[in-house]
Amino acid sequence: MSPTATAAAPPTVSGRRRAPAGPRWTRIGMQAPSLVVLIVVLGFPLLYSLALSFQSYSPVNPEADGHWIGFGNYLRMFQDAQFGQAVLVTIAYVVIAVLIQTVLGTVIGVWLSRLLKTRRLVTSLVLLPMISTPLVVGLMFSFGLNPQFGYMTDALQTVGLAGEAGVLDTPAGAFTALVVMDVWEWTPFIALMVLAGLSAAPQAQIQAAELDGCNTFQLYWHVMLPMIRPVIGVAILFRATEAVRMFDQVYILTGGGPGAATTVNDIFQYRVSFTAFDMSYGAALGITTFLVVAALAWVLFRFLNRKDAP
């Protein structure tokens, strides 16, 4: 073997070729700025909130001077009836909204998959609510449901579903309005996921089912929808993770009222932190929400890493 060939061969470890040090440090150097920004923007506030959650601090309460109280704020959650009410409202909101979105989105996705010539145009129109920002959606429904000049209120009053005070004046009406607003905005997301899953479904099984004499309903219900079940599961987890953190539309449309009928978890945290200025308790609530969302994200990633996942 020539000296040149010996020098060109990189050292090996356990029979595998060792990666050159230069490209590795180049990759680290290129990723370092984004990692630093991520640590500053996310890591520092998270660590600060975690430390604050174990203290008693309020800028308007001299007794809450930042002294250490351990798990006092977390134990306080189990004794706080208002927090329990907010959790129940959030759970009801997430379950009802995501369930309706899943059913309607699946139906719309199946309908879009059957369109041939106008699929692109109709799909673009269906996706319009989803591409609107939460602020715009909240303002649109706030104006539409205004009891004085709202066109939605006029339509509901015409069919006898709203009184002179509108629908936002009652707990049931306000909660229903939030669910309808979320369904209107995010049903297209479920429909898009279903459409993508149906478009990528194995054609051999579908053709075999057609040869066996399956009608359209049987083909979708027993063959195609079971094949895209992982896709629907991913869409549900995505929506549940986002719905748990709902704030913008609720704050704009109802502000959490009337009473506590629409006080979801994030609205309750906002009131604790920036209305009552109980910063430590608000930090504990935020850390708890972060852990819940992280758990949902972990379930999502485990689901995506399954062998039968899309």
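A few comments on the model shown:
- Given (1) open to solvent by less than 30 Å² (accessible area, probe 1.4 Å); (2) at pLDDT below 90; (3) in a loop (DSSP other than H, G, I, E, B); (4) within 28 Å of VAL87 (Cα to Cα), index of the condition THR262 fails: (2)
- The condition of being open to solvent by less than 40 Å² (accessible area, probe 1.4 Å), in a helix (DSSP H, G or I), under 19 Å from VAL244 (Cα atoms) and touching an Asp or Glu at 6+ places or on another chain (Cβ under 6 Å) holds for only one of ALA97, ALA86, that being ALA97.
- Only one of the numbered conditions (1) within 20 Å of TYR93 (Cβ to Cβ); (2) hydrophobic (A, V, I, L, M, F, W, C); (3) surrounded by 17 or more Cβ atoms within 10 Å (Cβ to Cβ) is violated by ALA162, and that is (1).
- Take the conditions (1) hydrophobic (A, V, I, L, M, F, W, C); (2) under 19 Å from the mean Cα position of the chain (by Cα); (3) modelled with pLDDT under 90; PHE44 misses just one of them, which is (2).
- Qualifying residues in segment 116-148 (those that are under 16 Å from MET246 (Cβ atoms) and of a type in the set (Gly, Ala, Ser)) - the one least open to solvent (accessible area, probe 1.4 Å): GLY138
- Residue in segment 132-142 that is part of a loop (DSSP other than H, G, I, E, B), without any contact (Cβ under 8 Å) to a residue 40 or more places away in the chain, of a type outside the set (Gly, Ala, Ser) and over 30 Å from PRO226 (Cβ atoms) present: yes
- Test: residue in segment 178-193 that is over 29 Å from THR90 (Cβ atoms), among the hydrophobic types (A, V, I, L, M, F, W, C) and either out of contact with any Asp or Glu (no Cβ under 7 Å at 6 or more places or on another chain) or touching a residue at least 40 places away in the same chain (Cβ under 8 Å) (or both): no
The values are calculated or read from the model by the stated rules, or taken from the named source; none is laboratory data. Please read these numbers as outputs of a predicted model, since none were measured by experiment. Reconstructed Cβ throughout: ideal geometry from the backbone, glycine too, with neighbour counts over all protein chains shown. With ligands, DNA and RNA removed, areas are computed over all heavy atoms of the protein, side chains included. Shrake-Rupley method; radii C 1.70, N 1.55, O 1.52, S 1.80 Å.
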